[in-house]
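Here is the structure we will look at, set down as structure tokens.
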Amino acid sequence: MSGITKSFPGVRALDGVDLEVQAGEVHCLLGQNGAGKSTLIKVLAGAHQPDEGAITWRGEPVTLRSPIAAMRLGIATIYQELDLVQHLSVAENVHLGHEPTAAGFVVRRRDAKATTAALLKRLGHGEIDPGTLVGDLSAAAQQIVSMARALSHDVRLIVMDEPSAALDPDEVDNLFRIVANLTADGVAVVYISHRLEEIRRIGDRVTVLKDGRAVAGGLPAKDTPTRDVVSLMTGRNVEYLFPDRPVAAPTAEPVLTAQNLSRDGEFAPLDLALRPGEIVGLAGLVGSGRSEILETVYGARKPTTGQVTVEGRVLRPGSVRAAVRAGLGLAPEERKAQALLMLESVTRNVSVSSMSRFARGGWLDRRGEREAALEATRELHLRPDNPSVPVRTLSGGNQQKAVLARWLLRGCKVLLLDEPTRGVDVGARAELYAVIRRLADAGLAVLLVSSEVPEVLGLADRVLVLREGRVVHEAPARELDEHRVLDLVMEGSPA
């Protein structure tokens with residue numbers, strides 16, 4: 001891709017970008033949200049037409065007028081939000097749009113299942129039944145189906161957009177094995193990720209975008225220091241580090257306790273105490289019960305045994321209303337689907353849990369609502385500094401700040417964070433880490449879940465390690481390292 005330029009009303013998304021990808025390599029595409037990565041890969045996928053520039057494919061100039069044209073050439077894109085049809089089977093999804101037919105109109109379902117089974121076996125997942133509905137599969141299995149669909153077109157280049165975002169460490173290792181097998185067959189991979197440690201593991205070369213321009217191209221992925229990559233992405237010397245912890249651990253009485261809390265089939269009985277100003281991290285694989293614990297504490301799930309107490313008051317089990325009234329706030333894993341009103345303004349998203357505060361004789365005090373939202377978002381440095389804009393127009397990091405501002409406005413005492421930086425770029429991560437630490441320093445108690453062990457260890461004061469729904473270890477974060485935690489989640493025994 002040479003000199004690719006693309007503008008939309010009011011914004012120049014790409015400004016003369018060059019990208020060179022070689023057969024059999026993993027080429028990593030990096031940049032903050034808004035840097036132009038999504039626009040560039042949509043041009044490569046035929047979804048956008050460039051205003052200027054040229055594309056050469058296997059030595060020949062091409063015009064990619066549609067995704068179908070790109071696919072016919074052997075270019076496939078697997079987006080972060082998988083575009084699978086949930087109510088169709090695996091085989092139907094793999095062959096969607098190019099079903100094997102007889103006489104031009106009768107779909108040969110047996111042939112579709114056979115070729116799908118062969119593709120899944122090539123990917124090392126022959127256990128996936130081609131007849132299973134995609135909606136019944138895990139996120140990791142659905143990603144394998146997307147790869148099988150790409151391979152059904154004799155693909156020569158696959159673009160993977162944040163493929164590891166919803167995967168646990170074992171599934172990431174399997175993904176990397178699949179990528180290695182594909183590149184060994186000469187397939188090129190363009191790999192997009194905010195997780196810089198993955199780039200060093202899997203990448204061959206790196207191109208960095210900033211503000212619609214390629215500020216570096218063809219860097220060696222394994223030999224370029226992380227500090228240099230972050231500096232190129234952000235334009236400033238941002239350390240991929242975490243805020244300093246307080247020297248002394250909080251000594252106040254717990255603001256929240258969970259006693260003998262459990263849910264059958266999800267997590268075993270546990271005791272938990274959170275003190276004001278303390279960040280407690282839950283570390284474990286997907287399926288270890290991390291998110292289920294958060295949601296049970298919040299009242300979104302009813303416990304089988306035990307109780308949750310806030311400042312000495314026992315909460316009604318399974319009641320979100322009781323939890324919120326007691327001062328709990330939740331930033332869930334899927335913020336777009338579970339936390340945000342995507343078509344509403346930032347103001348409404350921030351005020352939605354505090355609407356009674358702005359009610360005046362049956363009328364809504366919109367000016368007061370807007371001013372309160374503006375104050376909360378400014379405290380968290382949300383950008384743009386305009387609460388009237390739709391929340392869907394914000395970057396991932398600023399959308400997460402809008403969720404946090406909601407609970408800041410509500411005056412919550414305990415903040416529950418589930419994957420707080422998922423889909424957030426490196427510069428915005430550093431800002432979110434600082435915000436979370438600042439809220440804790442101001443007296444909030446924080447319970448944190450993250451799939452990224454360095455994030456748990458970097459943010460938390462104390463860590464509970466989970467395996468198969470049980471707490472197998474508890475220790476101050478300073479006494480743990482990533483290897484120790486991974487050993488515990490994989491093979492730990494109850495402490």
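Selection among Ile128, Pro420, Pro163 by position relative to the dipole of the chain gives Pro420 as farthest towards the positive end (Cβ unit charges, Cα centre).
For Lys336, a cut-off of 17 angstrom between C-alpha atoms picks up these lysines, skipping any fewer than 8 places away in its own chain: Lys401.
The share of C-alpha pairs in the stretch 241-373 whose separation exceeds 19 Å stands at 61 percent. Translational diffusion of the stretch 219-291, estimated by Stokes-Einstein from the Kirkwood radius over alpha carbon pairs at 20 °C in a medium of 1.002 mPa s, is 129 µm² per second. Using the alpha carbons alone, the radius of gyration of the stretch 330-437 stands to its Kirkwood radius in an Rg to Rh ratio of 0.95. Each Lys or Arg adds one and each Asp or Glu subtracts one; over the other residues with Cβ under 14 Å from the Cβ of Ala339, this totals +2. Sorted largest first, the spans of the alpha carbon positions of the chain along the three principal axes are 70, 51, 49 Å.
Split the accessible area of the chain by element, probe 1.4 Å, and carbon with sulfur accounts for 49%. The mean of 1/r over all distinct Cα pairs in the stretch 283-350, once inverted, gives the Kirkwood hydrodynamic radius of 13.4 Å. Between the stretch 446-491 and the stretch 67-94, how far is it from one alpha carbon centroid to the other, in angstrom? Taking the Cα centre of the stretch 67-94 as reference, the centre of the stretch 446-491 is 36 Å away. Legend: calculated FRET efficiency, Ala118 to Val389, from the Cβ-Cβ distance at R0 = 41 Å, rounded to 0.05, equals 0.25.
In the full protein context, the stretch 349-403 carries 53 Å² of accessible surface per residue, based on a 1.4 Å probe and ignoring ligands, DNA and RNA.
Within the chain, DSSP assigns beta bridges of which about 55% are antiparallel (rounded to the nearest 5).
Per-residue extension of 0.36 nm, minus the Cα-Cα distance of Val247 and His98, leaves a gain of 47.5 nm for this segment. Solvent-accessible surface of the stretch 111-178, taken per residue with a 1.4 Å probe and all protein chains present: 37 Å².
At full extension, Arg360 and Ala268 could sit 28.5 nm farther apart than now, given 0.36 nm per residue minus the alpha carbon distance. Between Gln80 and Thr132, residue separation times 0.36 nm minus the direct Cα-Cα distance comes to 16.5 nm.
What whole number of Å gives the distance from the Cα centroid of the stretch 298-319 to the Cα centroid of the stretch 10-55? What the calculation gives is 49 Å, centre to centre.
Helix-only arithmetic for the chain: the sum of -39500 (n - 2.57) across DSSP H runs with n ≥ 4, divided by the residue total, places the mean residue ellipticity at 222 nm at -10000 deg cm²/dmol. A Cα-only calculation for the stretch 161-246 places Rg and Dmax at 14.5, 51 Å. Modelled spin-label separation between Asp481 and Thr309, with each label point placed 7 Å from Cα along the Cα-to-Cβ direction: 3.9 nm. Annotation for the stretch 117-159 versus the stretch 400-430: alpha-carbon center distance of 34 Å.
Applying 1/(1 + (r/R0)^6) with r as the Cβ-Cβ distance of Arg58 and Leu343 and R0 = 51 angstrom yields a FRET efficiency of 0.75.
The values are calculated or read from the model by the stated rules, or taken from the named source; none is laboratory data. Keep in mind it's a predicted model, so treat the numbers as computed, not measured. Please note: Cβ atoms are built from the backbone with ideal geometry, for glycine as well, and neighbour counts cover all protein chains shown. All accessible areas refer to the heavy atoms of the entire protein, side chains included, with ligands and DNA or RNA removed. Shrake-Rupley method; radii C 1.70, N 1.55, O 1.52, S 1.80 Å.
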